[in-house]
Each structure stands twice: as C-alpha cells, then as structure tokens.
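Structure first, commentary second.
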Amino acid sequence: MASLGEESEDKPNDDTLKFMELAIEQAKLALDSLEVPVGCVIVEDGKVIACGRNRTNETRNATRHAEMEAIDILLEQWREKRLSTLEVAENFSNCNLYVTCEPCIMCAASLSIVGIKEVFYGCANDKFGGCGSVLSLHSSSSEPVMSDGVPQGKSFKCTGGIMASEAVSLFRNFYEQGNPNAPKPHRPLVHQAIE
C-alpha cells in the first residue's frame, strides 16, 4: 500500500475492494438522489458498522458529507449505549473508513478529531482534499489537543487510488447530467466583443 495520502500502486486486498464496493453503492444512492456522488462505510473488526452518502441538497446543510453522516450514525448508537468519551475514542481508534473520494478538509479534520484508525479512498479531491491534495490533515505533526483527557486531532493512515476510476465515472455521470441544485448565477455572463 502507498504511504500516507499517496495513490496506491499495490493491488488492494479483497476486503479493501469489498468495502470500497459498498462505498461505491452508497455513492450511487447519492447520485440517484441528485447529490454529489460520494459514499462511505466505516468498518470495525471486518464488519460494516455505519455507512453514509452525501445529503447536502436533501438536508440543505453543507456539512452533510458522507463521512459526517456515518460519524453521526455511530455517535448516536454509542450515545444510546451510554458510552463514555474515552470509550467512543477507543471505538473510533479501531475503525477504518472507506470513501469514494478523498475526504475534504472539513471531513479530514473531523476524522482526525474522532481518531479514526485508517482511511482508504478512491479518487483524489484536487480542490478540497484534506488527505494530501490540498492539506495533509491526516498526518498532523503537532501534539493533539486534550479534551476531557481524550486526545483530539491525531494522525491516521491514508491510502488513495482504490477503485478510483469507478469513483471518477460517478462524478462524470453527475456533472454530465447537470446539477439541478447548483445555484443560478446572480449576474448575466458578460460576453466580450470579438474584434
């Protein structure tokens, strides 16, 4: 596998492909709902314990990225079980996240804060990527901030390029169909005269 935040040149193992296929299925659900097609699953001990897909248009909330949806599902489950902050942190430290596109800066920061163990992603996110494309929030060199005795903002291993062509294909489908939820320009486009 590749080092932190780099594209993978090695062939991913069967489990990695299986979980990434499940993330692709979540991305297809997002696409079917006219959302940007990003999906993810969170895995602990070889079992999917949460999944998410982009729901920013549906909820009219820009923070409802696939990763945030999956994190919130786990936090709610663990809150219902009355787990302590330390137990929640320990649980996240045993989890891997499989996502179709490199986590954006917001999601990478959140994954660092919750203490995810490892992230596997499909295609790079050249505009907003937080795992090496724009920022490298997965490889924080500073000491983690402590909150209630729990370290916040720890490094996590990150491997990209897994099923990247499938993820890119979903993005192409989305942008070719046009984004009906994109804001309309406020000003008419100015056309320059050709001399």
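The values are calculated or read from the model by the stated rules, or taken from the named source; none is laboratory data. All values reported here derive from a predicted model rather than from experimental measurement. Note: ideal-geometry Cβ built from the backbone for every residue, glycine included; neighbour counts use all protein chains shown. Heads up: the accessible areas ignore ligands, DNA and RNA and are worked out on the full protein's heavy atoms, side chains in. Shrake-Rupley method; radii C 1.70, N 1.55, O 1.52, S 1.80 Å.
Might you let me know whether the stretch 88-98 holds any residue that is touching an Asp or Glu at 6+ places or on another chain (Cβ under 8 Å) and open to solvent by less than 10 Å² (accessible area, probe 1.4 Å)?
There is at least one residue in the stretch 88-98 that is touching an Asp or Glu at 6+ places or on another chain (Cβ under 8 Å) and open to solvent by less than 10 Å² (accessible area, probe 1.4 Å).
Looking for something farther than 17 Å from Cys158 by Cα, open to solvent by less than 40 Å² (accessible area, probe 1.4 Å), in contact with a Gly (Cβ under 8 Å, 6 or more places away or on another chain) and part of a helix (DSSP H, G or I) - is there at least one such residue anywhere in the stretch 76-87?
No, because not a single residue in the stretch 76-87 is farther than 17 Å from Cys158 by Cα, open to solvent by less than 40 Å² (accessible area, probe 1.4 Å), in contact with a Gly (Cβ under 8 Å, 6 or more places away or on another chain) and part of a helix (DSSP H, G or I).
Specify which of the listed residues (Ser142, Ser147) is open to solvent by 60 Å² or more (accessible area, probe 1.4 Å), of a type in the set (Ser, Thr, Tyr) and at pLDDT below 80.
Result of the check over Ser142, Ser147: Ser142.
Hey, any hits in the stretch 31-54 for a residue that's acidic (Asp, Glu), open to solvent by 10 Å² or more (accessible area, probe 1.4 Å) and outside any helix (DSSP H, G or I)?
Looking through the stretch 31-54, at least one residue is acidic (Asp, Glu), open to solvent by 10 Å² or more (accessible area, probe 1.4 Å) and outside any helix (DSSP H, G or I).
Any idea which residue in the stretch 107-139 is nearest to Ile42 (Cα to Cα), counting only those that are outside any loop (DSSP other than H, G, I, E, B), open to solvent by 10 Å² or more (accessible area, probe 1.4 Å) and touching a residue at least 60 places away in the same chain (Cβ under 8 Å)?
If we take residues in the stretch 107-139 being outside any loop (DSSP other than H, G, I, E, B), open to solvent by 10 Å² or more (accessible area, probe 1.4 Å) and touching a residue at least 60 places away in the same chain (Cβ under 8 Å), then Phe120 is nearest to Ile42 (Cα to Cα).
Evaluate the stretch 59-74: report whether one residue or more is more than 16 Å from Ser165 (Cα to Cα), open to solvent by 30 Å² or more (accessible area, probe 1.4 Å) and touching a Leu at 6+ places or on another chain (Cβ under 6 Å).
Checking the stretch 59-74: not a single residue is more than 16 Å from Ser165 (Cα to Cα), open to solvent by 30 Å² or more (accessible area, probe 1.4 Å) and touching a Leu at 6+ places or on another chain (Cβ under 6 Å).
If we scan the stretch 6-26, do we find a residue that is outside any helix (DSSP H, G or I), closer than 18 Å to Gly161 by Cβ, at pLDDT below 95 and touching a strand residue (DSSP E or B) at 6+ places or on another chain (Cβ under 6 Å)?
Within the stretch 6-26, one or more residues are outside any helix (DSSP H, G or I), closer than 18 Å to Gly161 by Cβ, at pLDDT below 95 and touching a strand residue (DSSP E or B) at 6+ places or on another chain (Cβ under 6 Å).
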